[in-house]
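Written out below as structure tokens is the structure these notes cover.
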Amino acid sequence: MNDLISQLEVFLSQSRQIVVMTGAGVSAESGIATFRDHKESLWAKYDPTELASPEGFAKDPHQVWAWYQWRRQQIAVAQPNPAHYGIAKLAERHNLTLVTQNVDGLHYRAGSKNVYELHGDIMKDKCNASNCDYQQPAKNFEAPLTRCPKCQDEYLRPSVVWFGESLNADLLFKVEQATEQCSLFLSVGTSSQVYPAAGFAELAYRNGATIIEINPNATGLTSQVTLAINKPAGEVFAQLNLTG
């Protein structure tokens, strides 16, 4: 482990531009259950991929809203872990672009700035109408579902990207640009299975970047990486020298 940490520190020190991509494994270390890990909750009998979809919301908006309010309650009491803080510290010393598939906002709470949140922010509400731009921070995690106060037409919904929805095109373009230009791509706590996010590491690889993976288990990306550290991200960043 110490040898791997030393190698990671060398790569970081030699890199002019870094892209860090984080996934659900980083949030899981803060106690936030992944989509596929709600077996012990009251929502265990429901399929999260159906709840987190336009079809699920159209079928039963109150049920979907209640599920998201429950998730928000879990996230509100969660705290950033050493991976969140370590990445924020890295950004103070390097030209670093942080991209996350997570929606919990823990990177911001750890001090990161300008986080590219590919899948949105669960702690915000927005109008479900495509032609209404209303958005606000979610403050009451027990409040019932309400109509949009601006258009009075559609319901409010969490400001996240649901299954079947497209990611923000402008955001994708910015991430693609950073990925094409980076010299080091760091994949942290992600299974590298969900596209288009999983494709960014491949894009960096094709453009000659060094790829480093920090994840407890091997993934489809592992065969392409220069360095694989099969440990939880928080454990790795807790041992990383971020002051040199």
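What follows draws every value from the coordinates through simple rules; no lab data is involved. Keep in mind the model is a prediction, meaning the values are calculated, not measured. With ideal geometry, Cβ positions are generated from the backbone for all residues, glycine too; neighbour counts draw on all protein chains shown.
Computed quantities for the displayed model
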read-out: Translational D in µm²/s for the chain (Stokes-Einstein at 25 °C, 0.890 mPa s, Kirkwood Rh from C-alpha pairs); value: 130 µm²/s
read-out: Per-peptide average of other Cβ atoms within 10 Å, ordering 131-140, 212-221 highest first; value: 212-221, 131-140
read-out: Aspartates and glutamates whose Cα lies under 16 Å from that of Lys113, excluding same-chain neighbours fewer than 8 positions away; value: Glu92, Asp104, Asp121
read-out: Rounded to 5, percent antiparallel among DSSP beta bridges of segment 120-244; value: 55 percent
read-out: Reach of Lys45 by Cα under 19 Å, taken over lysines that are not fewer than 8 positions away in the same chain; value: Lys59
read-out: Residues of segment 1-32 with amide N under 14 Å of the 7 Å Cα→Cβ point at His94; value: 5-22
read-out: Radius 13 Å from Cβ of Pro137, net charge of other residues (Lys, Arg +1; Asp, Glu -1); value: +2
read-out: Computed over segment 49-152, Cα set: Rg, Dmax in Å; value: 15.8, 48
read-out: Extension gain (nm, one decimal) between Ala143 and His62, 0.36 nm per residue minus Cα-Cα; value: 28.1 nm
